[in-house]
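What follows is a short report on a single structure.
The values are calculated or read from the model by the stated rules, or taken from the named source; none is laboratory data. None of these values were measured; they are calculated from a predicted model. Cβ coordinates were reconstructed from backbone atoms using ideal geometry, including for glycine residues, and neighbour counts include every protein chain displayed. Remember, those area values only see protein heavy atoms, side chains included, never the ligands or the DNA or RNA. Shrake-Rupley method; radii C 1.70, N 1.55, O 1.52, S 1.80 Å.
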Amino acid sequence: MRKIDLIAQIFLIIFVLIVLAGISSLFLSINLDILIKTLRSKEFLFSIKFSLTTSLISLALSLLFSILIAYILSKEDFIGKKIVENIVDVPIFLPPLVVGLSFLILFGGKLGYVLEKAGITFLFSPLGVIFAQFIIITPYIERNIEVVFSKINKRYEFIGKSMGLSDFEVFKKITLPLSKEGILTGLIVGWSRAIAEFGATLMLAGATKMRTETLPIAIFLGISSGDMDFAVSIGVLMLVISFLILLLVRGVVKQNVSY
Amino acid sequence: MLVIDNLNIKFGGFSLKDINLSVQKGEYFTILGPTGSGKTLLLEIIAGRYSVKNGRIILDGVDITNLHPKERKIGYVPQDYLLLPHLTVSENITLGKVQLEEDIVNLLNIKHLLKRYPSTLSGGEKQRVALARALIRKPKLLLLDEPTSSLDISIKRVVWRNLDKIKNKLSVTVLHVTHDFEEAFFLSERIAIMRNGIIEQIGTPNEIFKMPKSKFIAELTGVENIFEGFGKPNGQGSFISVGQELNFATYKKIQGKIYLSMRPENVVIKKCKENKINEFQGQIVKILEKGGFFRFDIDIGINIVSLVKASEISALNPKVGDKLIVEINPKDIYTFTYDDKSLEWKGDKDDEKSKN
């Protein structure tokens, strides 16, 4: 065996051990009776229902934006495209807390006042949770879709046009079906990030029990109030959800066909 | 009828220059040229993939230069067929919201393929499906981009017969691009030769075969005997010296550096001199049997190739090393200007002069 292979293997083993140690500590600290009790508690049932609802709404909204943004960015060249691309990517590079803080300031100002008059309240409300998730996950989903859009052979779309299809029909019948694996991967990645979103949600929607209590917020509230058992039980559940999402992504990526 | 009027387009570092073409209704017209000559670009411009600012494309009297591809009434078969991988053969053909037509399905023999996906088809099957897809909307013009380039030679010939059948049965105007001169000659009523974005010659297969305008076209159409020479006028014609000892007589008046060529089938071999013009003594270097022909490489001071029907050489019984006489009729010698960038065909010009 070459020396570099041996060193690489050692590093791999160290990292796997670190991850396993963290996961095991979570599982080892769990009490089965308390886990069952937590899973049956109103607060837990609220937070899982709330997390699923908000994440699915933000996911649907994000999908719509991502497909259209990806379509433009992958097909059109325009002045300032690079700048626009960088702006779209800002939520990826900025800490979620800072993203949340900036919108806290925006919606806490005149715009928030106007919106509130119109009956739309983002601050410290479930709508704020959806908005925070939407802003954080959209660049991830958009990136996945943009990559797959730009990988599609443009001549397929041209063939569709020469067959009598309008530009919209080409998009519907050719571009979208050829991109479905990429879109699905983007959705799964986006959903996992939406479920796990914490920083921006905390800043924008706050951590209010049974109101803006997503699963990560529930962990935060559990630790803040000294209820470690509750926090650990939800942590274990989120671990299971993440693992299932990971399996889903692997399954989709495995089937991914590049045209 | 397709008319391309003074089309000019720059595309990256490549450009199509002064393209003028006229394809008659129902004609089978081929653009022949090497890879990178701009054939596919021209086809995709006609099909509507790229917009054009300089020049016009007119199809059956309608200016289609800037129409959306779906409005052009053009069927297009790309080189790689581009069948949509997520659709069945049937769905691929009816993509443009048309009914599947039994006539076309039967003509191309694809009935048994309709429910299959493109990934399960052979190259020949994909090609037939792509043709069906292009023909289903009854196009005024069918564009074929190297339709046989990825097929085996045996399947190629079947495809050629199919294309011939389609053209006759559907009376569709066909514009076909290829780098295969045999394919162009088999299928076409007229051929345009294209190089570096320029159309260098347009003519019937016979005209191009017999009177290539340049050394490049001569090579593209299979002329093997091309030599550099120096022409000196002599009486009604000229002598072209090749090397130090060979002098070829031609009926054309030529002065200075020149390329001369002769088709291998016009290089006659015989046992004895008959005191005719352009008889040279030579020695057989190589013999190759090619179908019903024999190909001889003969050293006459230069290596000259002769192609002779098998039935015509039984009396000669030639073998490698045999000495024999090579004869070339002066009218079978083509000449091209020494600078091949010039598209002028000197022979024609001189013929015109001598007529006057």
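Using 7 Å Cα-to-Cβ label points, what is the A:Leu17/A:Ile105 separation (nm, one decimal)?
Here the answer is 4.5 nm between the modelled labels.
Considering every pair of different Cα atoms, what Kirkwood radius, in Å, is found for region A:126-259?
17.1 Å
How are the alpha carbon pair distances in region B:104-257 distributed across 5 Å bins from zero to the largest one, expressed in percent?
2, 8, 14, 15, 14, 12, 9, 6, 6, 5, 4, 3, 2, 1, 0
If each DSSP helix of 4+ residues adds -39,500 (n - 2.57) and the sum is divided by the residues in chain B, what number results at 222 nm, nearest 500 deg cm²/dmol?
-6500 deg cm²/dmol
Pick out, from B:Gly243, B:Phe186, B:Ser311, the residue whose Cα sits farthest towards the positive end of the charge dipole of the protein assembly as shown, with +1 on the Cβ of Lys and Arg and -1 on the Cβ of Asp and Glu.
B:Phe186
What's the FRET efficiency of A:Ile92 with A:Leu64 using the Cβ-Cβ distance as r and R₀ = 25 Å, to the nearest 0.05?
Given R0 = 25 Å and the Cβ-Cβ separation, E is 0.85.
Quick one: how many Å² of B:Arg128 are accessible to a 1.4 Å probe, rounded to 10?
50 Å²
Using the alpha-carbon centroid of each, what span in Å lies between region B:70-96 and region B:155-195?
That distance is 20 Å.
Lys and Arg at +1, Asp and Glu at -1: add these up for the other residues within a Cβ distance under 13 Å of B:Glu101 and post the number.
My count for the surroundings of B:Glu101 gives +3.
Which three numbers, in whole Å and largest first, are the semi-axes of the equivalent ellipsoid of region A:1-145 derived from its Cα gyration tensor as √(5λ)?
So the equivalent ellipsoid measures 35, 30, 14 Å along its semi-axes.
Quick check: at a probe of 1.4 Å, how many percent of the accessible area of chain A sits on carbon and sulfur atoms?
After summing per-atom areas, the C and S share lands at 72 percent.
Could you grab the relative contact order for chain B? Cα pairs under 8 Å, six or more apart, rounded to a whole percent.
15 percent
Normalised by the empirical 2.2 N^0.38 Å for globular proteins, what value does the Cα Rg of the protein assembly as shown take?
1.45
What pairs in B:Lys39/B:Lys167; A:Lys49/A:Lys82; B:Lys73/B:Lys213 have C-alpha atoms more than 29 Å from each other?
From the list (B:Lys39/B:Lys167; A:Lys49/A:Lys82; B:Lys73/B:Lys213), the Cα-Cα distance tops 29 Å for A:Lys49/A:Lys82; B:Lys73/B:Lys213.
Taking the Cβ of B:Lys73 as the centre, find all other residues whose Cβ is under 11 Å away and add up their charges (Lys, Arg: +1; Asp, Glu: -1).
That sum, taken over residues with Cβ under 11 Å, equals +3.
For region B:118-260, calculate the relative contact order in percent as a whole number, restricting contacts to Cα pairs under 8 Å that are 6 or more residues apart.
13 percent
How large is ³J(HN,Hα) for each residue in region A:235-241, as worked out from phi by the Karplus curve 6.51 cos²θ - 1.76 cosθ + 1.60 (θ = phi - 60°), to whole Hz, x for Gly and Pro?
x, 4, 4, 5, 5, 5, 4
Return the single residue from A:Pro139, A:Pro177, A:Pro216 with maximal mean-square fluctuation; model: Gaussian network over chain A, springs between Cα atoms under 10 Å.
Judging by the Gaussian network model, the answer is A:Pro177.
Could you give me the percent of Cα pairs per 10 Å distance bin for region B:183-279, shortest bin first, beginning at zero and ending with the bin that holds the maximum distance?
For region B:183-279, the binned pair fractions read 14, 37, 32, 15, 2 percent.
Using just the C-alpha positions of region A:31-256 as equal point scatterers, what log10 of I(q)/I(0) does the Debye formula give at each q in 0.13, 0.14, 0.17 1/Å?
Per q value, in the given order, log10 I(q)/I(0) is -0.84, -0.94, -1.19.
Kindly rank B:290-297, B:88-95 from highest to lowest mean number of other beta carbons found within 10 Å of each residue.
Result, highest mean Cβ count within 10 Å first: B:88-95, B:290-297.
What FRET efficiency do you get for A:Leu239 and B:Leu170 if R0 is 41 Å and r is their Cβ-Cβ distance, rounded to the nearest 0.05?
FRET efficiency, A:Leu239 to B:Leu170: 0.05.
Using θ = phi - 60° and the Karplus curve 6.51 cos²θ - 1.76 cosθ + 1.60, what whole-Hz ³J(HN,Hα) does each residue of region B:152-168 get, with Gly and Pro shown as x?
For region B:152-168, the Karplus-derived couplings read 5, 4, 5, 6, 3, 5, 5, 4, 4, 5, 4, 5, 4, 5, 4, 4, 6 Hz, x marking Gly and Pro.
Whole number in Å², please: accessible area per residue of region A:2-146, 1.4 Å probe, ligands, DNA and RNA not counted.
Solvent-accessible surface per residue comes out at 63 Å².
In what sequence, largest accessible area first, do B:Phe209, A:Phe93 appear using a 1.4 Å probe?
So, going from the largest accessible area down, we get A:Phe93, B:Phe209.
On average, how many beta carbons from a partner chain sit within 10 Å of the beta carbon of a residue in B:94-104?
2
Take peptide A:151-158, look around each residue's Cβ out to 10 angstrom, count Cβ atoms belonging to other protein chains, and average those counts.
Mean shielding count: 3.
Any chance you could run the full-extension gain for B:Asp299 through B:Thr204? It's 0.36 nm times the residue separation minus the Cα-Cα distance, nm to one decimal.
30.8 nm is the gain from fully extending B:Asp299 to B:Thr204.
Points 7 angstrom from Cα along the Cβ direction at B:Asp63 and B:Phe186: gap in nanometres?
4.1 nm
Determine by what factor the alpha-carbon radius of gyration of chain B differs from 2.2 N^0.38 Å, reporting the quotient.
The value comes to 1.18.
Let me confirm one metric for peptide B:79-92, namely the mean number of other chain beta-carbon atoms within 10 Å of its residues' beta-carbons.
3
What list of ³J(HN,Hα) values in whole Hz, one per residue of region B:211-220 in order, does the Karplus curve 6.51 cos²θ - 1.76 cosθ + 1.60 (θ = phi - 60°) give from phi, with Gly and Pro shown as x?
10, x, 7, 8, 4, 4, 5, 4, 5, 5
Taking amide hydrogens as modeled 1.01 Å from N in the peptide plane, which residues meet the under 5 Å criterion relative to B:Ile31, leaving out close sequence neighbours?
HN-HN under 5 Å from B:Ile31: B:His176, B:Val177, B:Thr178, B:Ala192.
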